[in-house]
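The values are calculated or read from the model by the stated rules, or taken from the named source; none is laboratory data. Since the model is a prediction, treat every value here as computed from it, not as a measurement. So basically every Cβ, Gly included, is an ideal-geometry build from the backbone, and we count neighbours across all protein chains shown. Accessible surface areas use protein heavy atoms only, side chains included; no ligands, DNA or RNA. Shrake-Rupley method; radii C 1.70, N 1.55, O 1.52, S 1.80 Å.
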Amino acid sequence: MPHVDKPAATQTTKQVIALILSFTAGYVDIVGFLGVYNLFTANMTGNTVHLARNISQGHWGDAALAAYVLLAFVLGSLAGRVVIELGA
C-alpha cells in the first residue's frame, strides 16, 4: 500500500488541538491546586510528590488526603477501562 501524506491542515489542526488540551489541563490543575487543599486535579505527579513530602515530614492528615486523591485516580482509571471493555 502506498504511503499517503496527510494534508498540512490536518497536522496543523492536530497541533492546535494538542495545545488547547495542554493549556486546559494546566489551567484545571492550577485552579484545582489553589481551590482544593493544594492538591492537583489534572496531573498526579504533583500529588505523588505531596504524598512523599507529607509522609517524610510526619503530616499524616495531609498525606492521607494526597493518598486518597491518588487512589481515586487509579480507581477511576480502572473503572473507565472496565466500561470501555464492557462497551466493546
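Assorted remarks:
- Residues within the range 43-63 that are among the hydrophobic types (A, V, I, L, M, F, W, C) and more than 21 Å from V31 (Cα to Cα), tallied: 3
- A72 being out of contact with any Phe, Trp or Tyr (no Cβ under 9 Å at 6 or more places or on another chain) and over 27 Å from F23 (Cβ atoms): no
- Residues satisfying the stated conditions in the range 23-51, i.e. open to solvent by 70 Å² or more (accessible area, probe 1.4 Å), under 13 Å from the mean Cα position of the chain (by Cα) and over 14 Å from L71 (Cα atoms): F23, Y27, I30
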